[in-house]
Amino acid sequence: MSDDHTRVQEFFTARAADWDKKFPNDGPAYAAAVAELGLRPGDRVLDAGCGTGRALPPLRAAVGPSGLVVGADLTPAMLHEAVRGGRDRDGRLLLADVTALPLRSAAFDAAFGAGLVAHLPDPAENLRELARVVQPGGTLALFHPIGRAALAARQGRRITPDDLRAEANLRPLLAGSGWHMTSYVDEDARFLALAVREA
């Protein structure tokens, strides 16, 4: 495992048990972001870096009982919390590195990534891997329940020009990784970038 992966695992392992308690009011923001993905009953969706599985219930609701929901995460402790919270009933949980998914190409209609981009060791290559598992014309949502400025304030830092989530940086990053950004919102209450998988 690379140093980047080890750091991510250590960061989230230390926080897993209290993660949901720390952010108890994010449910509506997750549901609203999932709604913007435009999922239909029967669709197949990947929650990349699913953590404790907070997106799994709205993803399941969107695709219905005939759809497929898979939550993949690198950190066993986060998946343990997803099971403890009963979210494994809404999707299959997979201990996997989203930078090298053990999934077939074009297996999904959509991918959802909450707080994902900041933890990717090689964002261009890693977003390309997400494009690999989503069929052409499929969608990607990069989401955070609060916007960049609010998140920076919470973490006691300033937004820098090289922030990957800035529209001027994210749009070309996605374009170079097989995605076309169709929507970008960065408000105090949420961050959401939507993209379509290019053919």
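The values are calculated or read from the model by the stated rules, or taken from the named source; none is laboratory data. Note that the coordinates shown come from a computational prediction; the quantities given were computed from them, not determined experimentally. Every residue, glycine as well, gets a Cβ built from its backbone with ideal geometry; the counts of neighbours run over all protein chains shown. When the accessible area is computed, the model is the full protein with side chains, heavy atoms only, and any ligands, DNA or RNA have been set aside. Shrake-Rupley method; radii C 1.70, N 1.55, O 1.52, S 1.80 Å.
Put simply, of Ala100, Ala62, Ala107, Ala149 the only residue that is touching a helix residue (DSSP H, G or I) at 6+ places or on another chain (Cβ under 8 Å) and surrounded by fewer than 15 Cβ atoms within 10 Å (Cβ to Cβ) is Ala100.
Go through the stretch 121-150 and give me each residue that's among the acidic types (Asp, Glu) and within 14 Å of Gly178 (Cβ to Cβ). Answer for the stretch 121-150, where residues must be among the acidic types (Asp, Glu) and within 14 Å of Gly178 (Cβ to Cβ): Glu125, Glu129.
Of all residues in the stretch 156-185, those satisfying the criterion of being more than 17 Å from His119 (Cβ to Cβ), open to solvent by less than 60 Å² (accessible area, probe 1.4 Å) and not small (Gly, Ala, Ser) are Trp179, Met181, Tyr184, Val185.
Scanning the stretch 6-38 for residues that are touching a Ser or Thr at 6+ places or on another chain (Cβ under 8 Å) and not in a helix (DSSP H, G or I) yields Leu37, Gly38.
I'd like the residue in the stretch 81-97 that is among the hydrophobic types (A, V, I, L, M, F, W, C) and in a helix (DSSP H, G or I) and, out of all such residues, is least open to solvent (accessible area, probe 1.4 Å). Restricting to residues being among the hydrophobic types (A, V, I, L, M, F, W, C) and in a helix (DSSP H, G or I), the top hit is Ala82.
The set of residues from the stretch 110-124 being touching a residue at least 40 places away in the same chain (Cβ under 8 Å) and open to solvent by 20 Å² or more (accessible area, probe 1.4 Å) comprises Ala114, Gly115, Ala118, His119, Pro121, Pro123, Ala124.
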